[in-house]
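Peer 1: Questions regarding the structure given below will be posed in turn.
The values are calculated or read from the model by the stated rules, or taken from the named source; none is laboratory data. Since the structure is predicted, the reported quantities are computational estimates derived from the model, not experimental observations. Glycine gets a Cβ as well: all are built from the backbone with ideal geometry, and neighbour counts include every protein chain shown. Each accessible area value is taken on the protein alone, full model and side chains, heavy atoms only, with ligands, DNA and RNA left out. Shrake-Rupley method; radii C 1.70, N 1.55, O 1.52, S 1.80 Å.
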Amino acid sequence: QFTTRVVSCRAAELRPEGGGEPVHGFQVVLEDTILFPEGGGQVRAGPGGAGPGRAGTGGADVPCPQPDDRGLIGDVPVLRVTRRGTEAVHFVPAALEPGAEVLLSLDWERRFDHMQQHSGQHLISAVAEQMFGFKTTSWELGRQRSVIELDTPVVTAEQVQALEESVNEKIRDRVPVTVRELAADDPEVETVRSRGLPDDHAGPVRVVDIKGIDSNLCCGTHVSNLSDLQVIKLLGVEKGKKNKTNLVFLVGNRVLKSIEQSHSTEKALTSLLKNGPGEHIEAVKRLQSSVKLLQKNNLNLLRDIAVLIARDFKSKPAPKQLFVLHRKEGDSEFINIIANEIGTEETLLFLTVGDEKEAGLFLLAGPVEAVENLGPRVAELLAGKGAGKRGRFQGKAAKMSRRGEVQALLQEFISHQNPGA
């Protein structure tokens, strides 16, 4: 917690990260802040970094992809913290009085998670470069997992394992992590690992040192000792941009949460499959084989049913001018087999498959001119999309419940074509 004062408060809108309607609220600037702003920048971070941050006093250096902090101003929740020049802007849902003294509270669980992931990234990047010469070109601190982009086209499984063993050894060695500030024109700045200062940088630059391992310009929040990272798990690599490889990792509490989730899944599978964890894979393979066989048998039965339906229709002495059929189970092949078997241009066929109250598939077949005329109208009635050629129009329908309206449309069309029908 931190006591400070409100400098300004103005009405604003916040667009949710997941999209949707903007949230109406207020942008608040405080004299000092301990909440890290999105994207970092000129505002120093609080505990875990270099102490309470003073908006506008400088002390940051390079943009970093660390998400912003959350917390409370009094009892008002802070929904977003962004950087505007040298100021940290706090978005809140209720107005605050300029000049008022307020108690700022930090969401420590979120902050500590970001500290673990960020310090973990520094450690992994430094050791990957020392061991294999892999330079880090960018990284992302995600909600579930984080990713480091390495400047190499290939990272082998053996290299991942060796890297994981090395970083965890350094965690067990309890290596200290310290923060210091240098003047922007200090020659030592040139010796520190960096991707460059932002254009709007002001004040001193901030250096994060992992003793004997790494020295890096960084504005983010970090642990004070590698032992606070607890453990690092490298989940593997994924193909990145051209000649790049993405290394996926978890640090600290995220590793524990991942294990907990995996254990819960394992317990559920043990209950469902009626065997131990070591037999889960073989049990699932057997189930997959059974499902494939059932699907094949089901498909063959559907084909047989389609043929029988068509033959039954053709066997009648006076075939109708309109044939309508709906079946819950089926696919596009099922309705096309029926149309192929009937194979007449004298009858208008309207065939559908799918759940009565949900989406499904439709096929309109028959006289070329009639289908070309009616197809788009049928699709519109079913709130779907389709296309057609040579006497067939088929597609997907969003509202199968409107099949009755389509049938009425087709019947009306036939009545107009043949008044005596």
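Peer 1: Within segment 115-144, track down each residue that is open to solvent by 10 Å² or more (accessible area, probe 1.4 Å), touching a Leu at 6+ places or on another chain (Cβ under 7 Å) and part of a helix (DSSP H, G or I).
Peer 2: Within segment 115-144, MET131 is the sole residue that qualifies.
Peer 1: Condition first: open to solvent by less than 10 Å² (accessible area, probe 1.4 Å), more than 20 Å from GLN321 (Cβ to Cβ), within 44 Å of the chain's Cα centre (by Cα) and assigned by the TED database to the domain that holds PHE323. Can you find one or more residues in segment 378-393 that meet it?
Peer 2: Checked segment 378-393: at least one residue is open to solvent by less than 10 Å² (accessible area, probe 1.4 Å), more than 20 Å from GLN321 (Cβ to Cβ), within 44 Å of the chain's Cα centre (by Cα) and assigned by the TED database to the domain that holds PHE323.
Peer 1: If you don't mind, there's one more thing I want to ask. Tell me the residue from LYS285, LYS314 that is within 21 Å of GLN407 (Cα to Cα), open to solvent by 70 Å² or more (accessible area, probe 1.4 Å) and in a helix (DSSP H, G or I), please.
Peer 2: On the way: LYS285 fails: within 21 Å of GLN407 (Cα to Cα).
Answer to the selection: LYS314.
Peer 1: Still on this structure: Could you pull out the residue among ILE305, ILE335 that is of a type in the set (A, V, I, L, M) and over 21 Å from ARG390 (Cα atoms)? Please lay out each step first, then the result.
Peer 2: Numbers: ILE335 fails: over 21 Å from ARG390 (Cα atoms).
Exactly one residue qualifies, and that residue is ILE305.
Peer 1: Kindly indicate whether GLU333 is open to solvent by 60 Å² or more (accessible area, probe 1.4 Å), assigned to a helix (DSSP H, G or I), closer than 30 Å to ASP113 by Cα and among the charged types (D, E, K, R). Explain how you work it out, then say what you get.
Peer 2: Working: open to solvent by 60 Å² or more (accessible area, probe 1.4 Å): yes; assigned to a helix (DSSP H, G or I): yes; closer than 30 Å to ASP113 by Cα: no; among the charged types (D, E, K, R): yes.
Here the answer is no, as GLU333 does not meet what is asked.
Peer 1: Another question, then. Which of the residues belonging to segment 200-215 are in contact with a strand residue (DSSP E or B) (Cβ under 6 Å, 6 or more places away or on another chain), at pLDDT 90 or above and open to solvent by 10 Å² or more (accessible area, probe 1.4 Å)?
Peer 2: The answer is ASP209, LYS211, SER215.
Peer 1: Being outside any loop (DSSP other than H, G, I, E, B) and touching a residue at least 60 places away in the same chain (Cβ under 8 Å) narrows it down to one residue among VAL255, VAL291, VAL324; which is it? Steps first, answer last, please.
Peer 2: Values: VAL255 fails: touching a residue at least 60 places away in the same chain (Cβ under 8 Å); VAL291 fails: touching a residue at least 60 places away in the same chain (Cβ under 8 Å).
Answer to the selection: VAL324.
Peer 1: Looking at ALA365, ALA397, ALA408, which is the one that is buried (at least 17 other Cβ atoms within 10 Å of the Cβ), free of Cβ contacts under 8 Å to residues at least 40 places away in the same chain and not basic (Lys, Arg)?
Peer 2: On the way: ALA397 fails: free of Cβ contacts under 8 Å to residues at least 40 places away in the same chain; ALA408 fails: buried (at least 17 other Cβ atoms within 10 Å of the Cβ).
After applying the criteria, what remains is ALA365.
Peer 1: Since ALA370 meets every condition but one in (1) part of a helix (DSSP H, G or I); (2) in contact (Cβ under 8 Å) with a residue 60 or more places away in the chain, which condition does it not meet?
Peer 2: For ALA370, the failing item is (2).
Peer 1: While we're looking at this one, here's another question. Can LEU247 be described as under 30 Å from the mean Cα position of the chain (by Cα) and closer than 30 Å to LEU35 by Cα?
Peer 2: Details: under 30 Å from the mean Cα position of the chain (by Cα): yes; closer than 30 Å to LEU35 by Cα: yes.
Judged against the criteria, LEU247 is a match.
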